[in-house]
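Participant: Let me begin by handing over the structure; questions about it come next.
The values are calculated or read from the model by the stated rules, or taken from the named source; none is laboratory data. Everything quoted here is computed from the prediction, not taken from an experiment. Glycine also receives a Cβ, built like all others from the backbone with ideal geometry; neighbour counts cover every protein chain displayed.
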Amino acid sequence: MRVCGIIAEYDPFHLGHRYHMERARELAGADYVVVVLGCAFSQRGEAMLFASHDRARMALLSGADLVLGMPASFSCAQANRFARGGVSILNSLGAVTHLSFGCEPDGREYLSRTADLLHHPSLAFARTLKAGLKTGKSFARAQGEALSACLPDVPPAVFANPNFILGISYLLELKRLRSPICAMPVVRAGEYHAQSLSPLPSATAVRHALSQGGWQGVRASVPLESFFVIRDAVENGRLHQPHALDAWLIGTLNIGGEASLQLSPEMSEGLERRVLAKARHAKTREELLDLINTRRYTRSRVNRALSHALLGLTQFPDRPAYARLLGFRRSAAPLLKRLKSASIPLVDRPGRGAPPGFFEEMRAEELWALGAGKPMASAWRYPLIVID
């Protein structure tokens, strides 16, 4: 049995995602495709536009055989932790043979060399990285410059590409786990985070078109199955509204104090004091991010820390203790039978004996629902998705 894993957000699932999924299945000769999906809050630290179950349904209708949810403390995280969550889940299933991810045309040949250097950093790399951090540069920038110094034949822009960073994070996790899973990058056919629509668009472009009421552009950019799910979500008010949780966030920071921030892995070097000092003078998340703005901390990093405080995340385990079962195809019955021997439980809803961290997962989904104008309890009214 060949099983290809994909780690994604699909907010929403578009034609570029379908291209990747089909290509991954073809290259791996996969009998099944398993998706590990980032749930209520994204890598960027923002709430997803679409509900976890709507995004899972899009993926299943477009070819995935099984969709699992990544716990919130890994989903809303920087690239290395996001990768750790996804790769660890796939490895724990005991059935996945391949991991496929998108990469840029000019980055594929550099992935393995970069991952090897980061897995076994040279003294020169460590010194250059340390020197960069001492000058107040963000970790991402300092690491990129250290990589450029040690791998001078690689274009520096490659190390700043978010998709490349995520790709090497996947490779590093496979190395650290000594996983038998084979990495299989697929060259992207569209631009990562491009703002405009194209035949193979980015999710950013699709979300922007949707916010402008550009239904014709949305329809041309997503599979028909995704379009029906998107239209239903819009018509029935299942979209998270920008700024809906801003007052809750500002209140949480001002009432909770340093305790609401200190446990976040994004916090260090007194960042929590800067956040709290500025929180007293902001009414919205965007205002707060503008006030906190500093060269040392990227906007995404601060945004993630704010979401950790908003969600009340206090547990940041090294590996996921479970995966959420969001949906599957009936034709994947042989795969599901194989997964009964997985080393972590697959949980579909709250209940007795829920694994560690699942309460925080519940809170993330419930706050997402509140931000969509729904009662918090509605987050758990979605049935398990089963596609015939």
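Participant: Tell me which helices (runs of 4 or more DSSP H) are completely within region 110-167 and hold 1 or more residues being charged (D, E, K, R), or say none if there are none.
Facilitator: Values: elements: 111-119, 123-134, 139-150, 156-159.
Fully inside region 110-167 and qualifying: 111-119, 123-134, 139-150.
Participant: Step by step: first the residues of region 122-138, then only those that are surrounded by 15 or more Cβ atoms within 10 Å (Cβ to Cβ) and out of contact with any helix residue (DSSP H, G or I) (no Cβ under 7 Å at 6 or more places or on another chain), then the one that is modelled with the highest pLDDT. Which residue is that?
Facilitator: Residues of region 122-138 that are surrounded by 15 or more Cβ atoms within 10 Å (Cβ to Cβ), as a first pass: 125, 128-129, 132-133, 137-138.
Now narrow it down to the ones that are out of contact with any helix residue (DSSP H, G or I) (no Cβ under 7 Å at 6 or more places or on another chain): 137-138.
Working: Lys137: 87, Ser138: 83.
Applying the filter and picking the extreme gives Lys137.
Participant: Which residue out of Pro350, Pro317 is over 20 Å from Thr97 (Cβ atoms), in contact with a Ser or Thr (Cβ under 9 Å, 6 or more places away or on another chain) and surrounded by fewer than 16 Cβ atoms within 10 Å (Cβ to Cβ)?
Facilitator: Criteria check complete, one pass: Pro317.
Participant: OK, next. Out of (1) within 30 Å of Val206 (Cβ to Cβ); (2) within 24 Å of the chain's Cα centre (by Cα); (3) among the polar types (S, T, N, Q), what's the single condition that is false for Asn236?
Facilitator: (2)
Participant: Residue check, Leu261 against (1) at pLDDT below 90; (2) surrounded by fewer than 21 Cβ atoms within 10 Å (Cβ to Cβ); (3) of a type outside the set (Phe, Trp, Tyr), all met but one. Which one?
Facilitator: So Leu261 meets the others, but not (2).
Participant: Go through region 170-180 and count every residue that is surrounded by fewer than 22 Cβ atoms within 10 Å (Cβ to Cβ) and assigned to a helix (DSSP H, G or I). Before you say what the answer is, go through the steps one by one.
Facilitator: To start, the set of residues in region 170-180 that are surrounded by fewer than 22 Cβ atoms within 10 Å (Cβ to Cβ) comprises 172, 174-180.
Imposing the further condition that a residue be assigned to a helix (DSSP H, G or I) reduces the set to 172, 174-177.
Number satisfying all stated conditions: 5.
Participant: Right, Leu253: among the aliphatic types (A, V, I, L, M), over 20 Å from the mean Cα position of the chain (by Cα), under 19 Å from His308 (Cα atoms) and surrounded by 16 or more Cβ atoms within 10 Å (Cβ to Cβ) or not?
Facilitator: yes
Participant: Further question: If the requirement is being in the same structural domain as Asp31 (by TED's automatic domain parsing) and surrounded by 15 or more Cβ atoms within 10 Å (Cβ to Cβ), which of these qualifies: Ala142, Ala95?
Facilitator: Going through Ala142, Ala95 in turn, the sole match is Ala95.
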